[in-house]
Amino acid sequence: MKKMICVMLTLVMALSMLTGCAAKDGGVKKIAIVQQVEHSSLDEICAAIQTRLTERIAEAGMTDSVEIQVFNGQGDTAVLGQIGAQAVGDGCDLLIPIATTAAQYMVTAAEGKNIPIVYAAISDPETAGLTGLSNVTGVSDALNTPFILDMMLAVQPDIQTVGLLYSNSEDNSATPIAQAKEYLDSKGIAYLEKTGTTADEVIAAASAMVDRVDAVFTPTDNKIMAAESAVAEILNAAGIPHYTGADSFVLSGAFATCGVNYTELGYKTADMAFDILQGGEITPFHVMEGGIITVNTETAQALALDYAPFAAMANTVKEVVTGE
């Protein structure tokens, strides 16, 4: 259902639908939701934003005066740029980009236009250049990197080398990777960095870690997530647990994460956006509270890992299986 709601659009479809952002009459306000790429976490956020916006619109008696369009950039910056330019040119009243690159392109498209932008799921708004802008706010899923590495050591106390798998093109990854290096240095644990920006590069990077690391850490990196099913297959077959920044990875076969509830993040984003649409103040960005550990029980069994220590580390330990 989420994929049906947040359907991936071709460039031609996106541009043709975006013409709907032009107000049909002076009383209709237009909201454009722009999802960066299709994967389970962003799909969940997209669906939650639509659900909550629909509820708020109905509660306010504005069903006939607010229209919502949903677009997907397909992980292609050219598509995101075209969507942003067309949305702004056609007079959309508010933009809701989901994920960092989508937000950056919407900010660029709206420069000088004073169009409110309320982003969702930006792990590091400052590094992404999304702070200090009068028309921009949103909801951050900032990652607690040291905590996830604490989880790693709780399960594997004798770990010697950690793989750091990420994309250089993801601003979301810059700060947590720096934090991971600092943490591992402080513990005297070696690390091996591998990066990739395409699916083939990511798969090759994961393969290059086999027999060289005891575990792998990846932050909330959309490039890695897009290839996670293949990455998890490689790492699991090699007996290497993958600790990640979002539950979407775990649902695709990674071992464990600690993060936020993405449905709640979507609701919060929608509430901020609707309040602004009604003339409310653009407040500073909001950081979602995390603390939910998610474990793939199939992966734990395949790797013969005992994740019982997690119970003492978080109020909620959620057990899932691949593809759930």
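The values are calculated or read from the model by the stated rules, or taken from the named source; none is laboratory data. Being a predicted model, the structure only gives us computed values, none of them experimental. When we count neighbours, we look across all protein chains shown, and the Cβ atoms used for this are built from the backbone with ideal geometry, even at glycine. Calculation scope for accessible area: heavy atoms of the full protein, side chains included, ligands and nucleic acids excluded. Shrake-Rupley method; radii C 1.70, N 1.55, O 1.52, S 1.80 Å.
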Query raised in the report: If you line up the long axis of helix 77-89 against the longest principal axis of the chain, both from Cα atoms, how many degrees apart are they, to the nearest 10?
Result: 20 degrees
Query raised in the report: One-quarter of the Cα convex hull surface for the stretch 207-277, in nm²?
Result: 5.3 nm²
Report summary line: For the stretch 234-242, Karplus-derived ³J(HN,Hα) couplings (6.51, -1.76, 1.60; θ = phi - 60°; whole Hz; x for glycine and proline) come out as 5, 5, 5, 5, 8, x, 10, x, 10
Query raised in the report: How much accessible surface does Val28 have with a 1.4 Å probe, in Å² rounded to 10?
Result: 10 Å²
Query raised in the report: Which value, in Å², gives the accessible area per residue of the chain when a 1.4 Å probe is used on the protein heavy atoms?
Result: 41 Å²
Query raised in the report: Where does the stretch 200-324 land on Rg(C-alpha)/(2.2 N^0.38 Å)?
Result: 1.23
Report summary line: Note on the stretch 76-137: alpha-carbon gyration tensor, axes a ≥ b ≥ c; rule is a/c under 1.5 for rounded, else prolate if a/b larger than b/c, else oblate; result oblate
Query raised in the report: With charges set only on the Cβ (+1 for Lys and Arg, -1 for Asp and Glu), what does the dipole of the stretch 194-241 come to about its Cα centre, in debye to the nearest 20?
Result: 80 debye
Query - Dipole magnitude (debye, nearest 20) for the stretch 143-270, charges at Cβ of Lys, Arg, Asp, Glu - result: 100 debye
Report task. Sorted from largest down, give the three principal axis spans of the alpha carbons of the stretch 254-320, whole angstrom values. Result -> 54, 20, 13
**Report entry** Shape call, the stretch 25-104: gyration tensor on alpha carbons, a/c limit 1.5
**Finding:** oblate
Report summary line: Between Glu193 and residues 5 or more places away or on another chain, the pairs with built amide H atoms under 5 Å apart involve Leu164
Query raised in the report: Taking all protein chains as present, what is the carbon and sulfur share of the accessible area of the stretch 76-149, in % to the nearest whole number, probe 1.4 Å?
Result: 44 percent
Query raised in the report: What's the carbon and sulfur percent of the stretch 235-324's accessible surface, probe 1.4 angstrom, rounded to a whole number?
Result: 48 percent
Query - Protein-only accessible surface order, largest first, of Glu182, Glu319 at 1.4 Å - result: Glu182, Glu319
Query - the chain: angle of helix 100-109 to the longest principal axis, Cα-based, in degrees nearest 10 - result: 30 degrees
Report summary line: For the stretch 125-205, the percent of all C-alpha pairs falling in each 5 Å bin, from 0 up to the bin holding the max distance, is 3, 12, 21, 19, 18, 14, 8, 4, 2, 0
Report task. Assuming a ≥ b ≥ c are the square roots of the Cα gyration tensor eigenvalues, decide whether the stretch 166-207 counts as rounded (a/c under 1.5), prolate (otherwise, with a/b larger than b/c) or oblate. Result -> oblate
Report summary line: Hydrodynamic calc, the stretch 175-244: Kirkwood Rh from Cα pairs, then Stokes-Einstein at 4 °C with viscosity 1.567 mPa s, so D in µm² s⁻¹ is 104 µm²/s
Report task. For the chain, divide the Cα radius of gyration by the Kirkwood radius and give the resulting Rg/Rh value with two decimals. Result -> 1.00
Report task. Please give the helix 262-277 orientation as an angle from the longest Cα principal axis of the chain, in degrees from 0 to 90, rounded to the nearest 10. Result -> 20 degrees
Requested in this report: List every residue whose amide H lies under 5 Å from the amide H of Asn135, counting only residues 5 or more places away in sequence or on a different chain, with H placed 1.01 Å from N in the peptide plane.
Outcome: none
Requested in this report: Quick one: of Lys181/Lys268; Lys187/Lys318; Lys194/Lys223; Lys113/Lys223; Lys181/Lys223; Lys30/Lys113, which pairs are farther than 22 Å apart, Cα to Cα?
Outcome: Lys181/Lys268; Lys187/Lys318; Lys113/Lys223
Query raised in the report: Among the DSSP beta bridges whose two residues both lie in the stretch 224-324, what percent are antiparallel, rounded to the nearest 5?
Result: 35 percent
Query - Residue-by-residue Karplus 3J(HN,Hα) for the stretch 281-289, coefficients 6.51, -1.76, 1.60, Hz, glycine and proline x - result: 6, 7, 8, x, 4, 10, 9, 6, 6
Query - Cα-centre dipole for the chain with unit charges at Cβ (Lys and Arg positive, Asp and Glu negative), debye to 20 - result: 420 debye
